[in-house]
Amino acid sequence: MKSPAFGLRVAGVIFGLMAAAQLARLLIRPQVLVAGHEMPLWPSGVAFVFMTALCLWLWRLGNSKNG
């Protein structure tokens, strides 16, 4: 459990779950209010792409023979 590869895979899973939550927000389209103003959906799209990229990158690093 002390291997860096395990830590990279755990981080990859966490980013994957966060990306799934952003995708769910895009699909469900709930109304989110911040200080009385509706939050637009486009930041969730950006966050989904960014977190998915991090998830895949960390997962691949964790599974590489050098990592």
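Coordinate-derived values only; no laboratory data. Note that this is a predicted model, so its numbers are computed, not measured. Here the Cβ positions follow ideal geometry from the backbone for every residue, glycine too, while neighbour counts run over all protein chains shown.
Take Trp57, Trp42 and order them by how many other Cβ atoms sit within 10 Å, fewest up front.
Fewest to most other Cβ atoms nearby, the residues stand as Trp42, Trp57.
What is the fewest-to-most order of Phe15, Phe6 by other Cβ atoms lying within 10 Å of their Cβ?
So the ranking, lowest neighbour count to highest, is Phe6, Phe15.
If neighbour count is taken as other Cβ atoms inside 10 Å, put Met51, Met18 in order from fewest to most.
Lowest count first: Met18, Met51.
Restricting to DSSP H runs of at least four residues, report the calculated mean residue ellipticity at 222 nm for the chain, -39500 (n - 2.57) per run over all residues, nearest 500 deg cm²/dmol.
Value at 222 nm, helices only, nearest 500: -24500 deg cm²/dmol.
For region 13-26, just list the computed ³J(HN,Hα) in residue order, Karplus coefficients 6.51, -1.76 and 1.60, θ = phi - 60°, integers in Hz, with x standing in for Gly and Pro.
These are the phi-based 3J(HN,Hα) values: 5, 4, 5, x, 5, 5, 5, 5, 5, 5, 5, 4, 5, 5 Hz.
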